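Asker: One structure, as C-alpha cells, below. Some questions next.
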Amino acid sequence: MEKHQYSRFNETIYHQKLDNGLLVQMLPKKDFHKTYAILTVNFGSIDRTFVPKGKTEMRTVPDGIAHFLEHKMFEKEDHDAFDLFGKLGADSNAFTSFTQTSYLFSGSDHIHENIDVLLDFVQDPYFSEKTVEKEKGIIGQEISMYDDDPNWRLYFGILGNLYPNDPMHIDIAGTKESISQIKAEDLYQTYHTFYQPNNMNLFIVGNIDPAETVQWIADNQAHKQFDEPADIETEFELNTLDGSDVIPFRTLEMDVSRPKVMVGIRGLKEIKPGQDALKYRFTVELLLDTLFDDTSDKYLELYDNGIIDDSFSYNFEMQRGFHFAYFNADTDNTEQFSDEIVKVLENANAQMLKGRSQFESEKRAILGRLIGMMDSPEAIANRYAGKLYGNTNLLDEVEVLESITFEDVLAVIPEFIQPAGISVFHIIPRNN
Amino acid sequence: MHFNLTNGVDLNIIKTTQFKTNQIIVNFSTPQTKNNITARSLMADILETSTKKYHTQTLLARHEADLFGMYLGTSASRIGNLHNVKFRASFLNDQYSQPGLLHEVIKLVGEMILNPLIDNGSFDEPTFMTQKTNLASSIASLADDKQYYASSELRKIYFDQDSPMQIPSFGQIDDLSVLTATNLVDQYQAMINQDKINIVLLGDVDEENAAAAFRELNFSPRIVKNVSAFYRQELHEVFEKEEQQELKQAKLNLAYQLPVYFQESNHYSAVVMNGILGGTPLSKLFVNVREKESLAYYANSNFNAFNGVLTIQTGIESQNKDKAIKLIKQQVEAIVAGDFSEELLQEVKDGLTHQLLSGLDSSSNGAERSLMNDIFDNDKSVETIVNEINNVTIDDVVKTAKLLKLQAVYFLNGEVK
C-alpha cells in the first residue's frame, strides 16, 4: 500500500491497486464520526456505443442504459441493497453522470459490513424482465419530473445547441421512448462490459484504519470470481471537432414566470487526459472568475443595470472527451444578457488585462475554497476523477492551482473562447 | 464556552480542531408579525450587498476574495413563531490561511451588521430599489419549482387565514410595495436594538481572544421578551384544493396536525414515527408508494417540531391521485394500528443516529445545531438525543401517530383538460 502525506494540510492518502485491478484510495479522518465510501465505474450515459464483452462488433444500446443499470443494481432476487444498508444504519445512494456511475454509502457504525454490502451489490448483478419492466415506470416518473424543471431544460437546451449530434444532448436518464426498449439482457451485456474491477475505483474517507480497511476489501474480493480483464472498446468521438455543427440559437416556450437564458461555450481544443487537463480546468476557471464573478467591474455594471440579479451563475464542466462553460440567469432582458456575455467573451483579453490586479486574489479565493472542501468527506471522494486528471485528488489540486500564472490565463483565452463554439438558449414564458 | 456580551446578546464559542474552516453565525430573532416578515427579508438582502466601508458589491466581494474566498451572507428564516435574520460566515482557520484572518472576518461581520449603507435615515436608494426588484423576481420565480409551489400552496390551506404563517419566511410580493428606503431603517433599528442575538463561533480558535473581538462590536443591551416559539392552531375541517397546470408530473401534498414540540417528552417519538412513515428510504411511504406500487418518483414526509405539522409530499401521474391518497392514508393507519416491525423501528433509529453523528462532521451543521440549542436554552448533547431516540418504543410511536389529524390536501394536476 502506498502512502502519500500532505503535511501542509495534515492529511494522508493511502492507495493500493488490488490484484483484480480495483483501485482503492483512503483518507483517514480520525476525529470524524462517519465514513463515506464511493465506488465509481468509469461508465456513463455517453458510453452508448461499444463492443460488448466477448463480441467483436460495435453495438449501440438505448439511451439511458447507464442510469437504468444504476437503478437496477440495488434490486436483487430476494432483497434490496438499500435495505441492507438501512439495517446497518447507513445511508446509501447512487448517481450517474455523462461519464461515470457511482454507488456510495455513509455510515457511522458497521463500516466493515457496509463496505461488503457496497462491493457485493455492485459486483453481483441480478436483472429479470419483470423487475426491468417495473423500473420503467419509476424512471419514467423521474424523466417527467425533470421535464417540468425549467433549469434542467435550460441546461439540456444549451447542450443540444453545443452538441446537437453527440450523446451529451440527451438526458442522462434517456427518454421514455429509449428506456422502453431496454431488456434485462442489455443490462447484463452492458454490466459485464464495463463493471470490471479494473474499470472501477473505491474511495473511502472517514474514521478508518487504512491497513485494516484495505484488508477487508482484499478479503472480500478474494472470495469472488472475476472474468479475465478485457479491454473496453467504446466509440465516443465528437461528431465534428471544429464546432461547425453548433446551433447558434434556439428558444423554448415553457410555463415559466420569468424568461431564462443560457450562453454556452463549447471548448474546441482537444484536451488529453492527465494533470494538464486539471491545469487547463483551473486556468479556465480563473479566467471566468476574473471576467464574471462578483469581484469584476462587469458584474456590477450588469447588476446595476438590471440585466443580471442573484440568479446569475456560470460554470465550467470538463468530462472525459468534452468540456464546456455556461452562463445563465433569470432575466427580463434575455437578449441584452446574451449580447453582454458574448461581448465580454470576445473582449476577454482586454478585460483580463484590466483585471490583472485582481488575479492573485482570485487565485487565493479558489485556494480557500479548495482547502475548505477538505473538511468534507463527500467532496474529497467525489472530486476524484481518475485518469481524466492524471489520478490527482483534491489535495494534489492545490499545487496545480498554485502553478498557474497570469500569462497562462491569457494564453488559454484563444484556446477556449472561439466564436464557432458560442451559442445561446432562451426559455420564454408561454403565451396562454 | 458562553460569553454574555451584554443583556440579550449571547456568544457561544465551540472550540474544535476537527475542521480547517471556522463558522460564525449571528442570529437576530424576534416574534413574527404580518408586518415584519417581508421587511426583514428585504433588509437581510440589502445588508448583504454592501456596507459603509465597502459601499459596492464589488468592493465587498473583493475583500472577501482577499480573505481566502470567505463566504459571508445573510438569510431570513423561521423557527415556529420566531423570525430570524442570520449573518453567516464560513472561512479558513488562521493555520491554513494567514495569522489574523479570524479577526479580519469578525471585523467584517461586525461592519455588515452595524455599519450598513444608511445616510440621513435612509438606506442607499439605488441599492434599495434593486434589492426590492430582485426579491420580487426571486419570489415570483419560485413558482417554477413545482415541488416548492405545491408545498407552499399546501401551507396556504393548512394555516389559519389570519396567521403570519401564511407568509413565507422570505416574504411575499404584496408586502413589498409599502416598504421604502426610510421606513426600512426603522425595522433595522428595531432588529439591531431589540432582537435577541445569539452568536455562535465554531472552530480552532482562541476563545478569550475571539470573545474580545466580538466585545469590540459593542452591541447595545436589550430586554428580551419571553415568547413561545411554538406555533399552535385549532383543528379545522379538512381543506382540499386542486389546480391545473401544464405539467408532466402531478404533485399530491397532504398536511396533518401533529401537536408535538421540540423539547417535549414525546418529541423524539414523533421524529421516529416520521422516520417510519416517510422520513427514510425504508419508510412505509417510500417502500409502499414508490417502490411496491411504482406510483411515485418521490414520496416522503416531514415533521416540523416548531409548527406542529407533519407534511407528506409525492410526485405522481395525474390519474393515480385517488389511488395515491388511499395508499398514503393506509400507511398512516398502519402505523396507528402498530403494523410495523421491531426491526423497522430499530433501522429507523439507527438511521437517525447516523444522521445525528454525521452532523457532527460538518462545521456548518455543528454551528446551526448549537444556535438552535442556544435559542432554546437546550443543553442536550448528541449522545443524550441518541439515547432518547433509542428509548422510543412501538407503543410510543403508536401513541404519537394517533395524534395525527389530516387537515389539508393539495393536488397540482398535470392534465390540462
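Asker: In segment A:70-104, which residues are within 25 Å of the chain's Cα centre (by Cα), closer than 20 Å to B:K349 by Cβ and of a type outside the set (A, V, I, L, M, F, W, C)?
Answerer: A:D91, A:S92
Asker: Right, something else. Look at B:G359 and say whether it is surrounded by 17 or more Cβ atoms within 10 Å (Cβ to Cβ) and within 12 Å of another protein chain (Cβ to nearest Cβ).
Answerer: No.
Asker: Return yes when B:E234 is under 20 Å from B:T311 (Cα atoms), open to solvent by 40 Å² or more (accessible area, probe 1.4 Å), outside the structural domain of B:H103 (by TED's automatic domain parsing) and outside any loop (DSSP other than H, G, I, E, B) and no when it is not.
Answerer: no
Asker: OK, next. For B:P259, are the conditions met, namely being in the same structural domain as B:A299 (by TED's automatic domain parsing), out of contact with any strand residue (DSSP E or B) (no Cβ under 7 Å at 6 or more places or on another chain) and touching a residue at least 12 places away in the same chain (Cβ under 8 Å)?
Answerer: So B:P259 fits the description; yes.
Asker: Then there's this: Can you tell me which residue within segment A:399-432, out of those that are within 14 Å of chain B (Cβ to nearest Cβ) and in contact with a helix residue (DSSP H, G or I) (Cβ under 8 Å, 6 or more places away or on another chain), is surrounded by the most Cβ atoms within 10 Å (Cβ to Cβ)?
Answerer: The qualifying residue surrounded by the most Cβ atoms within 10 Å (Cβ to Cβ) is A:I427.
Asker: Looking at (1) within 14 Å of another protein chain (Cβ to nearest Cβ); (2) farther than 19 Å from A:K72 by Cβ; (3) not aromatic (F, W, Y), can you tell me which one A:G157 breaks?
Answerer: (1)
Asker: Filter segment B:243-279 down to the residues that are at the interface with another protein chain (Cβ under 9 Å from one of its Cβ atoms) and either open to solvent by 10 Å² or more (accessible area, probe 1.4 Å) or over 23 Å from B:S318 (Cα atoms) (or both) and list them by number.
Answerer: B:Q245, B:E246, B:L247, B:K248
Asker: Which one of B:G351, B:G338 is on the phi > 0 side of the Ramachandran plot, open to solvent by less than 40 Å² (accessible area, probe 1.4 Å) and either at the interface with chain A (Cβ under 9 Å from one of its Cβ atoms) or not aliphatic (A, V, I, L, M) (or both)?
Answerer: B:G338
Asker: Would you check which residues across segment B:362-394 are free of Cβ contacts under 8 Å to residues at least 12 places away in the same chain, among the charged types (D, E, K, R) and away from every other protein chain (no Cβ under 14 Å) and list them?
Answerer: The answer is B:D377, B:D379, B:K380.
Asker: Same structure, new question: Test each condition in (1) open to solvent by 20 Å² or more (accessible area, probe 1.4 Å); (2) more than 15 Å from A:I413 (Cβ to Cβ) for A:S338 and report the one that comes out false.
Answerer: The single condition A:S338 does not satisfy is (1).
Asker: Restricting attention to segment A:1-22, which residues are open to solvent by less than 30 Å² (accessible area, probe 1.4 Å) and either modelled with pLDDT under 95 or under 14 Å from A:G386 (Cα atoms) (or both)?
Answerer: Passing the criteria: A:G21, A:L22.
Asker: Let me ask something else about it. When only residues in segment A:361-385 that are in contact with a strand residue (DSSP E or B) (Cβ under 8 Å, 6 or more places away or on another chain) and open to solvent by 10 Å² or more (accessible area, probe 1.4 Å) count, which is nearest to B:L101 (Cα to Cα)?
Answerer: Per the criteria, the residue is A:G372.
Asker: Of the conditions (1) assigned to a helix (DSSP H, G or I); (2) more than 14 Å from every other protein chain (Cβ to nearest Cβ), A:L238 satisfies every one except a single condition; which number is it?
Answerer: The single condition A:L238 does not satisfy is (1).
Asker: Right, another one. For A:K34, all conditions in the list (1) of a type outside the set (A, V, I, L, M, F, W, C); (2) in contact with an Asp or Glu (Cβ under 6 Å, 6 or more places away or on another chain); (3) modelled with pLDDT under 95 hold save one; what is the number of the exception?
Answerer: With (1) of a type outside the set (A, V, I, L, M, F, W, C); (2) in contact with an Asp or Glu (Cβ under 6 Å, 6 or more places away or on another chain); (3) modelled with pLDDT under 95 applied to A:K34, the lone miss is (3).
Asker: Now, a different point. So in segment B:176-209, with the set limited to residues that are open to solvent by less than 50 Å² (accessible area, probe 1.4 Å) and β-branched (V, I, T), which one is farthest from the chain's Cα centre (by Cα)?
Answerer: B:V205
Asker: Moving on. Among the residues of segment B:103-114, are any touching a residue at least 12 places away in the same chain (Cβ under 8 Å), more than 25 Å from A:G372 (Cα to Cα) and not charged (D, E, K, R)?
Answerer: yes
Asker: Which residue, of B:L154, B:L108, is in a helix (DSSP H, G or I) and in contact with an Asp or Glu (Cβ under 9 Å, 6 or more places away or on another chain)? Spell out how you get there, then give the answer.
Answerer: On the way: B:L154 fails: in contact with an Asp or Glu (Cβ under 9 Å, 6 or more places away or on another chain).
That would be B:L108, the only listed residue that is in a helix (DSSP H, G or I) and in contact with an Asp or Glu (Cβ under 9 Å, 6 or more places away or on another chain).
Asker: Identify the single condition in (1) more than 14 Å from every other protein chain (Cβ to nearest Cβ); (2) in a strand (DSSP E or B) that B:A211 does not satisfy, given that it satisfies every other one.
Answerer: Of (1) more than 14 Å from every other protein chain (Cβ to nearest Cβ); (2) in a strand (DSSP E or B), only one is false for B:A211: (2).
Asker: If you check A:T295, A:T283, which single one turns out to be out of contact with any strand residue (DSSP E or B) (no Cβ under 9 Å at 6 or more places or on another chain) and within 14 Å of another protein chain (Cβ to nearest Cβ)?
Answerer: On the way: A:T283 fails: within 14 Å of another protein chain (Cβ to nearest Cβ).
The conditions single out A:T295.
Asker: Under the condition of being assigned to a loop (DSSP other than H, G, I, E, B), over 14 Å from A:P259 (Cβ atoms) and of a type in the set (D, E, K, R), which residue from segment A:303-322 is farthest from the other protein chains (Cβ to nearest Cβ)?
Answerer: Filtering segment A:303-322 for residues that are assigned to a loop (DSSP other than H, G, I, E, B), over 14 Å from A:P259 (Cβ atoms) and of a type in the set (D, E, K, R), the one farthest from the other protein chains (Cβ to nearest Cβ) comes out as A:R320.
Asker: Condition first: under 30 Å from B:F303 (Cβ atoms), open to solvent by less than 30 Å² (accessible area, probe 1.4 Å) and either part of a loop (DSSP other than H, G, I, E, B) or not β-branched (V, I, T) (or both). Now tell me which residues in segment B:53-76 satisfy that.
Answerer: Within segment B:53-76, B:G73, B:A76 meet the criteria.
Asker: Still on this structure, please answer the following. Could you pull out the residue among A:S296, A:S311 that is within 30 Å of B:Y71 (Cα to Cα), surrounded by fewer than 22 Cβ atoms within 10 Å (Cβ to Cβ) and not assigned by TED's automatic domain parsing to the domain that holds A:L159?
Answerer: After ruling out the rest, the residue left standing is A:S311.
Asker: Taking into account only those residues within segment A:85-142 that are touching an Asp or Glu at 6+ places or on another chain (Cβ under 6 Å), away from chain B (no Cβ under 11 Å) and touching a residue at least 40 places away in the same chain (Cβ under 8 Å), which is surrounded by the fewest Cβ atoms within 10 Å (Cβ to Cβ)? Please lay out each step first, then the result.
Answerer: First, pick out the residues of segment A:85-142 that are touching an Asp or Glu at 6+ places or on another chain (Cβ under 6 Å): A:86-89, A:94, A:96, A:101, A:106, A:126, A:131.
From what's left, away from chain B (no Cβ under 11 Å): A:94, A:96, A:101, A:126.
Adding the requirement that they be touching a residue at least 40 places away in the same chain (Cβ under 8 Å) leaves A:96, A:101, A:126.
Details: A:T96: 22, A:T101: 25, A:Y126: 16.
Among those that are touching an Asp or Glu at 6+ places or on another chain (Cβ under 6 Å), away from chain B (no Cβ under 11 Å) and touching a residue at least 40 places away in the same chain (Cβ under 8 Å), it is A:Y126.
Asker: Collect the residues in segment B:280-302 that are open to solvent by 40 Å² or more (accessible area, probe 1.4 Å) and touching a residue at least 24 places away in the same chain (Cβ under 8 Å), keeping them in residue-number order.
Answerer: Once the filter is applied, which keeps residues that are open to solvent by 40 Å² or more (accessible area, probe 1.4 Å) and touching a residue at least 24 places away in the same chain (Cβ under 8 Å), segment B:280-302 yields B:E293, B:Y297, B:N302.
Asker: Then there's this: Go through (1) within 14 Å of chain B (Cβ to nearest Cβ); (2) under 24 Å from the mean Cα position of the chain (by Cα) for A:Y384 and report which single condition fails.
Answerer: All conditions pass for A:Y384, except number (1).
Asker: Return yes when A:A350 is open to solvent by 50 Å² or more (accessible area, probe 1.4 Å) and more than 19 Å from the chain's Cα centre (by Cα) and no when it is not.
Answerer: So A:A350 fits the description; yes.
The values are calculated or read from the model by the stated rules, or taken from the named source; none is laboratory data. Remember, it's a predicted structure, so these values are computed and weren't measured experimentally. Virtual Cβ from ideal backbone geometry, glycine too; neighbours counted across all protein chains shown. Note: accessible area is taken over every heavy atom of the protein model, side chains too, but ligands, DNA and RNA are not part of it. Shrake-Rupley method; radii C 1.70, N 1.55, O 1.52, S 1.80 Å.
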